[in-house]
1. Just to confirm the number: angle between the C-alpha axis of helix 166-192 and the first principal axis of the chain, 0 to 90 degrees, nearest 10?
2. Pop a pseudo-label 7 angstrom from the Cα along the beta-carbon direction at both LYS153 and ALA184 and give the gap in nm to one decimal.
3. Hey, rough spin-label estimate for VAL98 and ILE145, points 7 angstrom out along Cα→Cβ, what's it come to in nanometres?
4. Report, by chain and number, residues whose modeled amide H sits under 5 Å from the one on HIS50, excluding near sequence neighbours (fewer than 5 apart, same chain).
5. Between LYS76 and ARG121, what's the calculated FRET efficiency when r is the beta-carbon distance and R0 is 22 Å? Round to 0.05.
6. In whole percent, how big is the carbon plus sulfur part of the accessible area of the chain, probe 1.4 Å, protein atoms only?
7. So what is the relative contact order of the range 64-174, in percent, for Cα pairs below 8 Å that sit 6 or more residues apart?
8. Which residues make up the longest stretch of the chain clear of chymotrypsin sites (Phe, Trp or Tyr not before Pro) that lie in a DSSP loop with no more than 16 other Cβ atoms within 10 Å, not counting the sites?
Amino acid sequence: CNMDKISNGLNMPRRAIKHGFRAKYVLVDSWFSSKEFILTTRHLAQESMHVICGIRKDKRNYVYEEKVLNAKQLLKTLQKDGKEKRCRKRNTRYFEVVVTYESIGEVKLYFCRFPYQKEWRLFLSSDTTLSFLSMMEIYSVRWTIEVFFKEVKQQLKLGTCQSRDFDAQIAHVTTCYLLYIFLAYFRRVNDYESLGGVCQVIKDELVEKNLAERLWNLFEE
């Protein structure tokens, strides 16, 4: 309760690394897109983890073609230079540009305008090799968090425990999470289990592909 969200958020990948987990990308929304978070995450695990995040179009500055510009100024410059691209697969207009971000180094920024939206959204990736489509498909993985909270609140009544006992509240949350894990596993196995004598490796690949496609559709919706 006494810790700010950035420090608390950084403790999560530290704990994951300590317990042997490794990730290629750390995905966060704009609440955690501070320089401190990006820089610290990049230094974890021998700089093997990249950050992909939503980012606000605020006063922070980037260096582009030897000019110091904030996000809004950079967007106007890109529009003026006529560097807009279009992703036909996702029906999205976008700009992508490699800039220098103070104290972090080179990052890639993606300005994108989704269908039926007037505002340009801004995303950042510390991996400058990612195309716009690859970045969006990776970033959409974090949408599983939103789906999880929606389902666990609606279906399993998370947060409805009226007990005033702290241990009872912890037990309520823990029970909801464990039940969700069992149900999610059961659903995945039964919805996507291949029939016949297909070997286990092919089955696992099909499960991952179908699940990824399903999550992408949820993200688009």
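The values are calculated or read from the model by the stated rules, or taken from the named source; none is laboratory data. Treat the numbers as computed from the prediction; the structure is a model and nothing was measured. Note that we place each Cβ from the backbone using ideal geometry, even for glycine, and neighbour counts take in every protein chain shown. The area values use the complete protein model at the heavy-atom level, side chains included, leaving out ligands, DNA and RNA. Shrake-Rupley method; radii C 1.70, N 1.55, O 1.52, S 1.80 Å.
1. 90 degrees
2. Taking the simple label geometry, LYS153 and ALA184 are separated by 1.7 nm.
3. 2.9 nm
4. TYR25, VAL26
5. Efficiency computed from Cβ-Cβ geometry: 0.85.
6. Working: 7850 of 14740 Å².
Carbon and sulfur: 53 percent of the exposed surface of the chain.
7. 13 percent.
8. 117-221
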